[in-house]
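Read the structure below first, then the notes.
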Amino acid sequence: MKKLLPLILLIIAFTACQQVEKQNVVVQLLNQGWTLTGDTLDINMQIDVPSVVQQSLYDNGLILHPYLGTVENQLLWISDHPWNYTLHFDASKDLLEKQVVELEFDGIDTYAEVKLNGEKLFFADNQFRVWKHDVKDLLKKKDNLLEVHFLRYDSTQLALYEQHQPRLPEKYAVSRKAPYQHGWDWAPKYKNVGIWKRVELIGWSDAKLQNAYIVTENLDSEKATMRLCLDVESKAEGNYVAEIYVNGERSSEKNVHLDRGFQSEIFKFEILNPELWWPNEMGEQPLYVFDVLLKDGDKVLDFKKIRSGIKTFEMVDEPDSIGRAFYFKVNGVPFYAKGANYIPEEMIETWNDVDHTIQLLEQAKDAHFNMLRVWGGGIYPSDDFFTLCDKYGILVWEDFMYAGTMYPYDEAFLENARIEAEEQVKRLASHPSLALWCGGNEISEGYYNWGWQQSLGWSEEDDKAIKAGYDRLFENILPQAVAKFDGTRPYWPSSPSKGWGRPESLTEGDVHYWGVWWGEQPYEMYREKVGRFNSEYGYQSYPDYSTLLKIAEGEALSKDAEVIAAHQKHARGTRQIDDFIQRYYPNIQPKDFEEYVHLSQLSQAYGMEVATEAHRTAKPYNMGTLYWQLNDAWPVTSWSSIDYYGNPKVFHERLKTLYAPVLLSLDKKDYGVFVTSDLLRNIDGTLSVAVCDLEDSPLFEQKMKVRLEANENRKFVVEGLSECLRKADLKKVYVKLELAEGDTLTAERKCYFFAFFE
Ligand code: BMA
């Protein structure tokens, strides 16, 4: 019976939830049966939402596939056209009986006026916010008319941009909309327009839980202190009760006095002998189920189910003898962060598909990732993305969606930004995978290093005002949202903290080292430019050849083909890929374009190998490596390690060795051997080193006992190795490294002296 108890309680709680649905909170979805018209155009489509205009036009056969061929320029008109979404609907009887009926849009992209039965409800101007309105007084039983009228996006944005004095670096700065859709060095200019998330009516009486989320406030060896935050809206003042169940067992109950209106309540409760959530390869990812009930006497008014994990996360940013140490601790344990930058998975945002995310995150997990940085030029990922990161143990460094420009600083803009930040912080707080919040991408770097003051002709006053606006948003509003509503996640104002041209970028904070690629330095420069935490670096390659065949749709493929150029968005990209192929593979003549494409991937893999090895073998000076970039938003030539269709590039395959918990490396300067361990246990093993010729016959062999502490990185001198290599013709040998513990092979690696052997 004791064993069955949690199950019974879970059933009771579940039944309670069902009753709430029936009794106090009623939801009517409004996702089906919409009409989308093109205003002056003769376009009339019957659609379901979520669906942006670009998707609906494609679904209805009115445009070509936006990812294939060379269609981009033919599709740019879409975002500068007005569009109308309309829905006729009847309201359910249950709904009409409620004291409050809220119309809720989870997302509107971007500038749109929303009307119900001819009355204007609101004007939406932020893609990243939930838009809701009490429509109780407007709602009829039969034939309600809901209208969402989208303005011409491009013209609206341009007018806002032109009004702004002083001039801002980028037009998209004035719009709270995904920056990458305005064109990026891997993205076409597909500015999505439309209802991109679901729409519903929510009816309730008495009181409703508008938000409920849980964070781990404190942890010691015996217990975790959890904080439950509830946002409650009430129609009547009174005494209510909140009940909390943990994995089906009643944990605590609190009396709540509610006033009329909106209020936030905080409850703390303890979990004894907690099972901790750990990142991938540091432990398991147990999740707890928390049920929260809001009751009036015996009547359940509302119910939330939260799946969360118990973990703490700290950012260490403190002075040391070299500059400032910068690293993270999870559950009190310092760890080395391995992963990449994540960009949106689609150019057409309503094509986001959970199966695609599952595949991508499984590929990341299999390549030993423990962290992804969600880059600030995209969109805040869906709840599904975070649920999957919870499951796979992938920590998320989450940027707020700001990138590469200064932003407006008028009160309306900042208020809009504040609401957005608070909503996102609350939405994501319960996910154990959420590690830290960061202000955005390359904004402070841009301000100090990219010469905007001169290129945009800012006066001294302009400059001061813009910088003060920056400080308000990134040093005030955003960190306050994190501190006030989460209170457990660190906030880092800008990634990187210092531009890569500055010496401090290598001695403190995080660095985007772009001297290779943007600076056209050789791959070997990565060995010199090791920061405390390398949060971006990368080199382009072509995607899988099968991907290129798809986008070409039968057209002949070559380096100069139009379709290849249309899927390369960096001005110098084609030339730079070619330069490095010439540099690193001088004697190889690819027999055709397919082989050339493969060579580009070998080159990228070699460069990234130099970088990741340099970073990991510098531990603990360097405590993280996140390359640019994991994925693509459409089929394109880019820095990614996995292409849009999920094909791993050569680099991604190599990560299985490069990111493995134990990495063996040969120092090419003095021929010492690094054993770099991220394991949380000691290693007692035997290191075997062999110098082999290219037919795999050993010319030199040596074994030595090695011992490493948990998390240790150590360089060993192998007797005779350096003498042997100094005499050898390095074009004719490679070094084979193996680490065994008893009969188990813990790690192995082949180290070559030239890229073209690999
Ligand atoms: C980084 C990113 C992106 C860009 C990439 C490659 O700085 O933040 O802005 O796509 O460089 O150029």
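What follows is calculated from the coordinates using simple rules that are stated; it is not laboratory data. Only a predicted model underlies this, so the values are computations on that prediction, with no experimental measurement involved. Here the Cβ is made from the backbone with ideal geometry for all residues, glycine too, and neighbour counts use every protein chain on show.
So if we plug the beta-carbon distance of K705 and S455 into 1/(1 + (r/R0)^6) with R0 = 56 Å, what FRET efficiency do we get, rounded to 0.05? Write out the running numbers ahead of the final one.
Numbers: r = 60 Å, r/R0 = 1.08.
The calculated FRET efficiency here is 0.40.
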*Each residue of the range 235-251 in order: what ³J(HN,Hα) in whole Hz does its phi give by Karplus 6.51 cos²θ - 1.76 cosθ + 1.60, θ = phi - 60°, with x for Gly and Pro?*
8, 9, 5, x, 9, 10, 10, 10, 10, 10, 10, 10, 6, x, 9, 5, 9
_Partners for K649 among lysines (Cα-Cα distance below 17 Å; same-chain residues under 8 apart left out)_ = K365, K550
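Arranged by the count of other C-beta atoms within 10 angstrom, fewest first, what order do F262, F128 take? Let's see the in-between values first.
Working: F262 11, F128 21.
Lowest count first: F262, F128.
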*Compute the long axis of helix 573-584 from its Cα atoms, compare it with the longest principal axis of the Cα atoms of the chain, and write down the angle in degrees, 0 to 90, nearest 10.*
20 degrees
_For the range 662-752, take every pair of Cα atoms, bin their distances at 10 Å starting from 0, and report each bin as a whole percent._
17, 52, 25, 5
*Spatial extent of the range 207-308: Rg and Dmax, with the Cα atoms as the point set, Å*: 14.8, 50
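Treating only the Cβ of Lys, Arg, Asp and Glu as charged (+1, +1, -1, -1), what charge dipole size does the range 263-329 show about its Cα centre? Round to the nearest 20 debye.
Numbers: 9 positive and 13 negative charges, 44 e Å.
Using Cβ point charges on Lys, Arg, Asp and Glu, the range 263-329 gives about 220 debye.
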*Pull out the extension gain between E249 and K727, defined as 0.36 nm times the separation in residues minus the alpha carbon to alpha carbon distance; nm, one decimal.*
165.1 nm
*What residues have an amide H closer than 5 Å to that of V706, excluding those fewer than 5 places away on the same chain, when H is modeled at 1.01 Å from N in the peptide plane?*
G685, T686, L687
*asked:* Please give the charge dipole size of the range 662-752, origin at the Cα centre, charges +1 on K and R Cβ atoms and -1 on D and E Cβ atoms. Round to the nearest 20 debye.
replied: 340 debye
*Taking amide H positions as placed in the peptide plane 1.01 Å from N, state which residues far from T746 in sequence (5 or more) or on other chains have amide H under 5 Å from it.*
L739, A740, E741
*So how far apart, in nm, are the two label points at N44 and K142 if each is 7 Å from Cα heading toward Cβ?*
2.3 nm
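Among the listed pairs K223/K311; K529/K705; K189/K569, which are separated by more than 20 Å between their Cα atoms? Mind dumping the intermediate values first?
Values: K223/K311 12 Å; K529/K705 32 Å; K189/K569 10 Å.
Checking Cα-Cα distances, K529/K705 exceed 20 Å.
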*asked:* Using helices alone, I'd like the mean residue ellipticity at 222 nm for the chain: each DSSP H run of four-plus residues gives -39500 (n - 2.57), total over residue count, nearest 500.
replied: -7000 deg cm²/dmol
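Within the P(r) computed for the range 15-202, what percentage of the Cα pairs occupies the region above 26 Å? Write down the numbers at each step before the final one.
On the way: 6614 of 17578 pairs.
When all Cα pairs of the range 15-202 are counted, 38 percent exceed 26 Å.
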*Going highest first, how would you order 57-70, 131-144 by mean Cβ packing within 10 Å?*
57-70, 131-144
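To the nearest 20 Debye, how big is the dipole of the range 351-658 about its Cα centre, given +1 on the beta carbon of each Lys and Arg and -1 on that of each Asp and Glu? Working shown, then result.
Numbers: 28 positive and 46 negative charges, 188 e Å.
Charge dipole, the range 351-658, about its Cα centre: 900 debye, nearest 20.
Subtracting the Cα-Cα distance from 0.36 nm times the residue separation, let me have the gained length for I358 to I266 in nm, one decimal.
Working: separation 92, 0.36 × 92 = 33.12 nm, distance 3.39 nm.
Separation in residues times 0.36 nm, less the Cα-Cα distance, equals 29.7 nm.
Ratio of Rg to Rh for the range 465-564, alpha carbon only, Kirkwood?
Working: Rg = 20.4 Å, Rh = 17.3 Å.
Value, to two decimals: 1.18.
When you have a sec, figure out the Kirkwood radius of the chain from all distinct Cα pair distances and drop it here in Å to one decimal? Before the final figure, lay out each step's value.
On the way: mean 1/r = 0.0354 Å⁻¹.
The Cα-based Kirkwood calculation yields 28.3 Å.
Suppose the chain between N587 and V71 were pulled fully straight at 0.36 nm per residue; how much longer would it get relative to their current alpha carbon spacing?
Values: separation 516, 0.36 × 516 = 185.76 nm, distance 3.73 nm.
Full extension from N587 to V71 adds 182.0 nm.
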*On average, how much area does the Cα convex hull of the range 353-472 cover when viewed from any direction, in nm²?*
8.7 nm²
_Along each principal axis, Cα extent of the range 611-674, largest first, Å_ = 42, 21, 20
*What ranking do 459-467, 523-531 get when scored by the average of other Cβ atoms within 10 Å per residue, highest first?*
523-531, 459-467
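When you count, for each residue, the other Cβ atoms within 10 Å and take the mean per peptide, how do 474-486, 408-420, 99-111 rank with the highest first? Working shown, then result.
Values: 474-486: 18.6, 408-420: 16.2, 99-111: 21.7.
Ranked by mean Cβ neighbours within 10 Å, highest first: 99-111, 474-486, 408-420.
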*Given H placed on each backbone N at 1.01 Å, which residues far from L301 in sequence or on other chains put an amide H within less than 5 Å of it?*
L294, K295, D296
*asked:* Using a 7 Å offset from the Cα along the Cα-to-Cβ direction at both F754 and A465, what is the distance between the two label points in nm, to one decimal?
replied: 6.1 nm
*Positive-end residue, the range 662-752 charge dipole about Cα centroid, Cβ charges, pick of G685, L666, G742*: L666
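Taking the radius of gyration and the Kirkwood hydrodynamic radius from Cα positions alone, what is the Rg/Rh ratio for the range 351-658, to two decimal places?
Details: Rg = 20.3 Å, Rh = 20.7 Å.
Answer for the range 351-658: 0.98.
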*Note down the nm distance, to one decimal, between modelled labels 7 Å out along Cα→Cβ at T686 and at D298.*
7.3 nm
